[in-house]
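S.K.: There's a structure below that I have some questions on.
Readers should treat all values here as calculations from the given coordinates under stated rules, not as data from a laboratory. As the structure is a computational prediction, the values presented were derived from the model and not from experiment. Quick reminder, even Gly has a Cβ in these numbers, built from the backbone with ideal geometry, and neighbours come from all protein chains shown.
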Amino acid sequence: MAGRRGRGWGWRGFAGALALLAALSALDPDGLRRYLLLAEDTRRMEQENARLAAENARLSREVRALRTDPSALERAAREELRFVRPGERVYWVGDAPEAGP
């Protein structure tokens, strides 16, 4: 019976020590709470990195097209700089265009 009692106390002692360490970790500002905050920051930064990588890939494709494809360059000039060919007429539909300087 004495041997059995010693083993039982060992498990209780181990479980108590484990519970104490878990409580201290949860209450320590550099413990579990800090880990959870850093894990959330890491997840958010990984999502932002993925979004930026996709945007970089899209911009790289656009740069390659502008350097090699004359029609892509013309499209960009027409859409972004509002260039028109001589003799073309521009019809604005919807809101008036922004006034120039």
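S.K.: Please state the charge dipole magnitude for segment 22-63, taken about the Cα centre, from unit charges on C-beta atoms (+1 on K and R, -1 on D and E), reported in debye and rounded to the nearest 20.
M.R.: Charge dipole, segment 22-63, about its Cα centre: 140 debye, nearest 20.
S.K.: For segment 29-83, what number results from the quotient of the Cα radius of gyration and 2.2 N^0.38 Å? Present the calculation step by step, with values, prior to reporting the outcome.
M.R.: Values: Rg = 20.1 Å, N = 55, 2.2 N^0.38 = 10.1 Å.
For segment 29-83, the normalised Cα radius of gyration is 1.99.
S.K.: Stretch VAL90-ALA15 to full length: gain in nm at 0.36 nm per residue minus the Cα-Cα span?
M.R.: On the way: separation 75, 0.36 × 75 = 27.00 nm, distance 7.95 nm.
This chain segment gains 19.1 nm when fully extended.
S.K.: In addition: Between ARG75 and LEU32, what length comes free when the chain is fully extended (0.36 nm per residue of separation minus the Cα-Cα distance, one decimal in nm)?
M.R.: On the way: separation 43, 0.36 × 43 = 15.48 nm, distance 5.42 nm.
In short, 10.1 nm is gained.
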